[in-house]
Amino acid sequence: MKLIFATHNDHKLKEVQQLLPESIELLSLKDIQCFNEIPETGETLEENAKIKADFVTQTYGLDCFSDDTGLLVNTLDGAPGVYSARYAGEQKNAVDNMTKLLLELDGKENRQAHFKTVIHLNLEGVSYTFDGIVEGTITTEQYGLGGFGYDPIFKPNGYNQTFGELSSETKNAISHRGRAIQKLVNFLKNRTL
Ligand code: IMP
């Protein structure tokens with residue numbers, strides 16, 4: 001069975017392919033010659049994930065899933081949320097985004113936040129969604145050089161280090177994306193048994 005992962009990110013594709021049974025062949029947008037930047041115009045993670053998967057299913061007639069992730073900070077009413085990638089501007093720069101967030105939280109006691117990933121799957125005419133959440137706190141400065149995005153300022157609950165300091169194995173095992181993907185993989189495995 002062929003399944004499209006609506007991503008241009010080869011790293012993400014490889015990570016998910018490794019978790020899937022061999023009977024499922026995962027293809028990226030590049031593999032189907034889709035070079036469009038699919039506009040993420042939704043106001044929620046759920047809407048954006050659906051927009052991306054539906055674009056592929058409707059344009060190419062193929063089964064597809066997509067993911068969308070955001071960092072939601074309690075005291076900022078869930079910001080940056082769906083705007084996490086471009087919080088500090090369209091340049092989508094991770095350091096700019098972290099600097100802006102640390103400034104917004106300056107002097108604030110409540111630094112609770114969570115990452116959330118939503119996956120939207122279109123399979124044989126039916127839609128399914130899966131999500132994954134990791135709770136944590138925003139630190140007061142950056143720690144660690146690993147990962148990407150907001151990793152150096154996000155400390156998952158139960159750990160004394162940020163995602164920027166923890167190994168990628170540890171992060172993948174407890175992360176929002178890891179958890180959402182695991183739900184998707186379990187679902188697909190059960191269907192193909
Ligand atoms: P995307 O939906 O996976 O493209 O994620 C949107 C934005 O959320 C990214 O550009 C990052 O700023 C942030 N983000 C997503 N996943 C992570 C993560 O695992 N660590 C840190 N930041 C992330």
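For the stretch 121-193, the dipole from Cβ point charges (+1 on Lys and Arg, -1 on Asp and Glu) about the Cα centre works out to 300 debye, to the nearest 20. Accessible surface computed residue by residue for the stretch 130-170, with neighbouring protein chains in place and a 1.4 Å probe, gives 52 Å² per residue.
Per-residue packing, averaged as other Cβ atoms within 10 Å, sorts the ranges 65-71, 110-116 into the order 65-71, 110-116, beginning with the highest.
To the nearest ten degrees, helix 176-192 and the longest principal axis of the Cα atoms of the chain are 20 degrees apart. In a DSSP loop and with at most 12 other Cβ atoms within 10 Å, the GluC sites (Glu not before Pro) in the stretch 1-30 are Glu22. Rolling a 1.4 Å probe over the protein heavy atoms of the stretch 49-193, with every protein chain left in place, gives an accessible area that is 49 percent carbon and sulfur. In the chain, the longest principal axis of the Cα atoms and the axis of helix 45-60 are about 30 degrees apart. When the chain is described by a simple charge dipole with +1 on each Lys and Arg Cβ and -1 on each Asp and Glu Cβ, the residue from Thr59, Asn36, Leu20 located farthest towards its positive end is Leu20.
The values are calculated or read from the model by the stated rules, or taken from the named source; none is laboratory data. Worth saying up front: this structure is predicted, and the values here are computed from it rather than measured. Neighbour counts run over all protein chains shown; Cβ positions are idealised from the backbone, glycine included. Quick note on the areas: whole protein, heavy atoms, side chains included, nothing else; ligands and nucleic acids left out. Shrake-Rupley method; radii C 1.70, N 1.55, O 1.52, S 1.80 Å.
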